[in-house]
Amino acid sequence: MPDGGGAPSSHGVRRVEASLLADPDLAGVPIHVIDAQTRDLDAWVAEVETVDADVVGLAAHVWSFPTFIEIARHLQRNRPGRTIALWGPLARPAMFALAPWRDATACIDALVHGNELTFRDIVRLSERSPDALRAVPGLHVSTAGGWVSTGDPLYVAPDALPSPIRMKLLPTDRIVPLEICRGGGMSCATCGVSTGDAGGVFSEAYLVEELSALRAAGAPGAQIVDAPLNLSTEAFRNLVAAEKQVGFFKQATLTASIDPEHVHDEHLEFLRGVARVSLDARLPPLNKETGDGTQRPFRESRFAKVIEELSTFTDIEVDILLGLPGDGPITFRRTLERARELPCKVRIFHSLVLPDDLMVRAPASFELRFDPFTLMMRSCLGWSEDALSRERSRLIEMAYREGGEITPDMWSFPGPREMRRPAMPLGSGVVPPGAEIRVEGATTLAPAGQDLQRVLELGIKEATSGGWTFVEASARPGEIVVIMKTRDGALVVEMRPASPTENAYKVVDGVAFGYRSPRGVKMSDGALRLLDRVLQRLHAPARTALGLSTQDGGPGSARVRRFRATPS
């Protein structure tokens with residue numbers, strides 16, 4: 001049962017595993033769990049075929065869906081009688097209405113929209129024909145006419161669910177996911193297993209057992225999943241009562257989301273008694289017309305006051321979504337500026353069109369266009385594709401300059417407690433070619449074309465054997481800027497036509513390369529050798545994109561010139 005790896009993503013898989021292991025009817029049935037992050041199709045298929053699994057469950061997350069669909073196709077071809085089921089936030093009929101996935105219904109037998117016991121009920125069946133699967137509540141079953149719902153799953157009280165914590169199925173050398181409530185409006189959008197439940201909270205007694213198991217295992221902390229810490233009053237108070245008995249958080253970390261609108265004295269009192277607290281809070285756009293889907297009351301002054309108070313004794317970050325319908329560059333920047341005035345770290349996430357949210361709930365007026373593979377918003381009401389791409393480039397440049405994190409769908413800015421690096425750091429002894437990239441106001445760089453980005457992504461992956469990953473590329477006449485993620489952080493590589501009057505780290509076939517290393521530190525010899533491999537791999541597409549002629553040396557000549565680096 002592959003998953004994306006890590007907490008809380010693996011929590012869904014471990015909950016399913018617990019339900020299978022705890023069932024006496026399945027005693028003696030071999031259960032094989034694959035919890036890894038590789039996208040190597042052959043490795044996944046070989047692992048399943050080695051155990052000759054009769055039933056295969058795949059955890060359908062944004063990052064795993066395309067890979068697992070291909071795995072399902074291979075497994076179905078290899079053994080047509082095998083039962084393949086998907087669970088998770090993307091295990092929804094709406095995903096299979098998208099063009100790239102319409103034919104995938106032929107290789108998936110069922111989509112689980114119930115809890116972990118729903119998958120257990122599939123395994124319990126003596127035969128798993130489409131008719132037999134239709135008798136299991138909590139599924140969508142594949143038929144010739146499309147997906148057919150088998151109805152809502154049977155309600156199960158949260159306390160009756162097997163605990164992966166007490167069954168020692170979760171690693172305890174890291175932060176461990178902990179549930180305090182389940183289902184309904186508090187369903188976890190990450191693991192997606194509990195969305196079919198009618199809701200409920202875990203009792204004080206149940207949480208005492210959970211916290212006691214964590215303390216006995218020496219876990220460094222716990223992350224509250226499925227809901228903000230303060231969304232359910234009953235669940236929160238059960239946690240507080242359990243903690244009073246166990247005292248786990250007196251020496252451990254508590255990680256959670258929190259809704260500042262509903263923070264009260266009881267929440268502050270509890271959090272002040274925790275050894276270390278790490279919180280995140282969502283800041284909606286400062287635009288009442290935005291389709292953010294929360295429909296929760298929001299008072300900006302109240303939000304700011306709570307964040308300021310929490311920042312005095314917790315590590316707190318504020319999260320913002322880029323590309324929501326009804327928002328736009330002006331209001332988004334206003335929201336970002338307001339967030340950055342607060343004493344906290346700020347993260348910006350590129351909005352996704354998920355099958356339980358905008359994909360099925362957005363009105364036609366939202367004019368959604370999104371990538372069917374990544375589900376990232378391309379354009380919508382208030383955001384043209386060009387405007388959204390330019391804002392991404394702007395965020396990349398800003399985050400890099402301020403020492404923030406950069407991934408393909410997230411950018412962060414350090415809070416006051418985090419060390420900020422000087423603006424425009426350079427690798428030791430390296431001068432990048434060309435002028436500085438402007439950050440303030442509109443960026444001077446335009447996003448690189450999708451074809452070029454795909455070539456650059458593949459080149460970086462191949463040159464580093466997957467050790468470095470492509471983040472994004474921007475371009476303007478005579479210059480390409482590529483940002484990649486290394487083990488040490490973000491690395492920026494700039495490419496321009498070579499000039500005898502400009503310094504460069506290296507020139508390959510008329511392309512001058514410069515780089516800015518992570519956090520301005522000197523790169524190791526090993527990292528520089530890896531960088532050289534990347535440059536050799538990228539120089540040919542860079543020549544084409546920069547419009548350089550082949551007469552100055554083509555890919556076959558591989559002429560390299562080194563310039564003496566001028567200290568900055």
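The values are calculated or read from the model by the stated rules, or taken from the named source; none is laboratory data. For clarity, every value in this text was computed on a predicted model and none was experimentally measured. A quick note on method: Cβ atoms are made from the backbone with ideal geometry, for glycine too, and the neighbour counts reach across all protein chains shown. Quick note on the areas: whole protein, heavy atoms, side chains included, nothing else; ligands and nucleic acids left out. Shrake-Rupley method; radii C 1.70, N 1.55, O 1.52, S 1.80 Å.
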What is the percent carbon and sulfur in the accessible area of segment 450-546, measuring with a 1.4 Å probe over the protein chains and ignoring ligands?
50
Based on the alpha-carbon set only, what is the convex hull volume of segment 57-100 divided per residue, in Å³?
75
Please give the per residue accessible area of segment 450-546, computed with a probe of 1.4 Å over protein heavy atoms only, in Å².
42
With every protein chain present, what accessible area does VAL112 have (1.4 Å probe, heavy atoms only), rounded to the nearest 10 Å²?
0
Å² per residue, accessible surface of segment 126-165 at 1.4 Å
50
Tell me, what are the semi-axes, in whole angstrom and largest first, of the equivalent ellipsoid of segment 15-62 as set by the roots of 5 times the Cα gyration tensor eigenvalues?
22, 14, 8
Pairs over 28 Å Cα to Cα, from LYS461/LYS522; LYS244/LYS345; LYS168/LYS461; LYS305/LYS485; LYS485/LYS522; LYS345/LYS506, come to LYS244/LYS345; LYS168/LYS461; LYS305/LYS485; LYS345/LYS506
I'd like to know how segment 11-149 sits against the 2.2 N^0.38 Å rule of thumb: what's its Cα Rg over that expected value?
0.97
Could you tell me, in Å, what Rg and Dmax come out for the Cα atoms of segment 450-546?
12.4, 35
Are there GluC sites (Glu not before Pro) in segment 250-290 that DSSP marks as loop and that have at most 14 other Cβ atoms within 10 Å, and which are they?
GLU289
